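The next block holds one structure in the form of structure tokens; read it before the comments.
The values are calculated or read from the model by the stated rules, or taken from the named source; none is laboratory data. Here the structure is a predicted model, which means the values were calculated and not measured. Here the Cβ positions follow ideal geometry from the backbone for every residue, glycine too, while neighbour counts run over all protein chains shown. Accessible surface areas use protein heavy atoms only, side chains included; no ligands, DNA or RNA. Shrake-Rupley method; radii C 1.70, N 1.55, O 1.52, S 1.80 Å.
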Amino acid sequence: MSGDKRPIIKGRRAKASVDHAEITEMFSMPGAVGIGVPCGPDNDLICFDVDFGHTDDPDRKQKLGAWVNKWADSGTSMIRKTPSGGLHIVMSWPEGRPPRRIMPKL
């Protein structure tokens, strides 16, 4: 993934890899700065992009914080800060259909 978040590898989903040598080769490409992780039922992952800065509503920020803390304490997710100050919460794909909306804009 490039610095502007655009994929630099065509057919990237089919080329996803856990092989160290292949990943090293991908990061040797000019402009490669980030990793994209294929999500969905085929990969058994779901990712939520939480951006606290997109609202001035303190109630919404409190609800987002409580939701994030629930998953942070669950031991079943991986939470990482994004360069813009938000969070990516990656977890196992839930059985059945995933939740469509946790709350507006999430």
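Stretching the chain fully between residue 90 and residue 51 yields a gain of 12.6 nm (0.36 nm per residue, less the alpha carbon separation). Label positions at residue 60 and residue 43, each projected 7 Å from the Cα along the C-beta direction, are separated by 2.8 nm. Sequentially through the stretch 11-26, phi angles give Karplus couplings (6.51, -1.76, 1.60; θ = phi - 60°) of x, 4, 5, 6, 9, 4, 8, 10, 6, 4, 5, 5, 5, 4, 4, 4 Hz, Gly and Pro residues having no value and appearing as x. When the pairs 5/61; 10/70; 61/81 are compared against a 28 Å limit on Cα-Cα distance, 10/70 fall above it. Along the axis of the charge dipole computed for the stretch 1-76 (Cβ charges of +1 for Lys and Arg, -1 for Asp and Glu, origin at the Cα centre), the listed residues 27, 69, 50 are led at the positive end by 27. With the whole protein complex present, residue 84 retains an accessible surface near 100 Å², based on a 1.4 Å probe.
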